[in-house]
């Protein structure tokens, strides 16, 4: 069982010693997850707000659909994205297979339902009196919408963080779509899968700790947004 | 308080920026995409060869390591330019179907059957057919790749050589669906047998600091030869397949430099592959 302890030590030496392979995996992870987070927030927040704020026909069905999509397995998303961007697939000409943008597309599909569902919930749980108050203060439709948006900012932040957690830690999409190519599409999670497969448990644990350290860093940064 | 917050914000932004900048995309204009098997990658052979290849030809080699079955499929889907695989019958069928061209033998190693020291089925020193027969009679745990890889195809052919059916549903026959090293580890955890290419076994012994719980029990049987070949993807089927780069890679692998590198690639002082390009 000494590989657990060795893993902790190795984690520090990998991070502090500037190990090229580790930093390349860190960079791949951050690039792919940043791309997918930007895309899923830009698409997801307006959709989530719409879903939670407005009443429209088939709203319940749309909600049901989004909630079901929360359970999409990553390997399945990976498989579907692979099928689409393979040279023989409908989007094959774009050359996205085995690239970080390809991974980001898959991760966007993974993150989108989380962002939509959680921002919709945040909007729904907003204080109902706020609307009445704002109207009584003479707010017009646009002002009403903007203040409501401002009011749910923490909920949206939480939605983003939850989605980020899923995107950072997924392995199915990165493996299927990225191909775990060294120096290019090897992310931290696919590297862990590879090292574990090779029986290098200590390195796997070390990489896992590296991933947690990044997540911690991101959360520290975002917690300052919250405190203001 | 305010300045402290601002400082943290600055540090965060700075960190994000440096991470973006520090890693420029390694932009070589000539990139060859290869699908290969887990054994060439897990042993570290490709890590050893790739820089020499880039130096000699200016072509950057990118590879994804999967089972031979999936590698062939990736070629069929035109997702890669070249294959380095080890399942001769499947490769020949592949060329006949027009998916691949210019199949060329590069190197070989051999398969071995490994198992726990106390050898519950008593297979040590037997030939392959007798050894697998003994495993079957005893119902000893046997870990199989079960993933349609070259190794898996080979193992299935060995079971067929015993004259009985593949023990597909027997409780002692464990199909892992994972790579070779993962499968060896599973066999070790279950105190069972498995068949592996020698290269991966030596790598395994190396990570176990030369004292692995599983030992080589059956070897040197002619039926255990493991031939690796390189195949280019047919450009007539896949218009984007880089046949010129694939040919350059194939020529380089068969040339004196690469054959020498393969011969000298050793772990624990033992060579892992024997070059045999003609």
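The strands (runs of 3 or more DSSP E) found entirely in region B:76-161 that carry 3 or more residues being assigned by TED's automatic domain parsing to the domain that holds residue B:42 and in contact with a strand residue (DSSP E or B) (Cβ under 9 Å, 6 or more places away or on another chain) are B:82-85, B:100-116.
For the subset of region A:30-58 comprising residues that are farther than 25 Å from residue A:170 by Cβ and in contact with a helix residue (DSSP H, G or I) (Cβ under 7 Å, 6 or more places away or on another chain), which member is surrounded by the fewest Cβ atoms within 10 Å (Cβ to Cβ)?
As a first pass, look at region A:30-58 and keep what is farther than 25 Å from residue A:170 by Cβ: A:49-50, A:52-58.
Within this subset, residues satisfying the condition of being in contact with a helix residue (DSSP H, G or I) (Cβ under 7 Å, 6 or more places away or on another chain) are A:49, A:52-53.
Details: A:49: 20, A:52: 23, A:53: 18.
Filtering region A:30-58 for residues that are farther than 25 Å from residue A:170 by Cβ and in contact with a helix residue (DSSP H, G or I) (Cβ under 7 Å, 6 or more places away or on another chain), the one surrounded by the fewest Cβ atoms within 10 Å (Cβ to Cβ) comes out as A:53.
Are any of the residues in region B:140-149 more than 14 Å from every other protein chain (Cβ to nearest Cβ), at positive phi and in contact (Cβ under 8 Å) with a residue 40 or more places away in the chain? Looking through region B:140-149, at least one residue is more than 14 Å from every other protein chain (Cβ to nearest Cβ), at positive phi and in contact (Cβ under 8 Å) with a residue 40 or more places away in the chain.
Filtered by the rule that a residue be over 19 Å from residue B:90 (Cβ atoms) and surrounded by fewer than 20 Cβ atoms within 10 Å (Cβ to Cβ), region B:143-172 gives B:162, B:163, B:164, B:165, B:167, B:168, B:169, B:170, B:171, B:172.
Looking at A:188, A:205, which is the one that is buried (at least 20 other Cβ atoms within 10 Å of the Cβ) and under 16 Å from the mean Cα position of the chain (by Cα)?
Values: A:205 fails: under 16 Å from the mean Cα position of the chain (by Cα).
Every option except A:188 fails the conditions.
Filter region A:93-110 down to the residues that are surrounded by fewer than 19 Cβ atoms within 10 Å (Cβ to Cβ) and not in a loop (DSSP other than H, G, I, E, B), then identify the one that is modelled with the highest pLDDT. Here the residue is A:101. Evaluation of residue B:195 against the conditions (1) modelled with pLDDT of 95 or more; (2) part of a loop (DSSP other than H, G, I, E, B) shows that the sole unmet condition is (2).
Among the residues of region B:43-60, the ones that are within 12 Å of chain A (Cβ to nearest Cβ) and surrounded by fewer than 24 Cβ atoms within 10 Å (Cβ to Cβ) come to 7 in all. Taken together, the residues in region A:176-228 that are at positive phi and either more than 10 Å from chain B (Cβ to nearest Cβ) or touching a residue at least 12 places away in the same chain (Cβ under 8 Å) (or both) amount to 3.
The values are calculated or read from the model by the stated rules, or taken from the named source; none is laboratory data. Not measured: the values here are computed from a predicted model. Here Cβ is always computed from backbone atoms with ideal geometry, including for glycine, and neighbour counts include all displayed protein chains.
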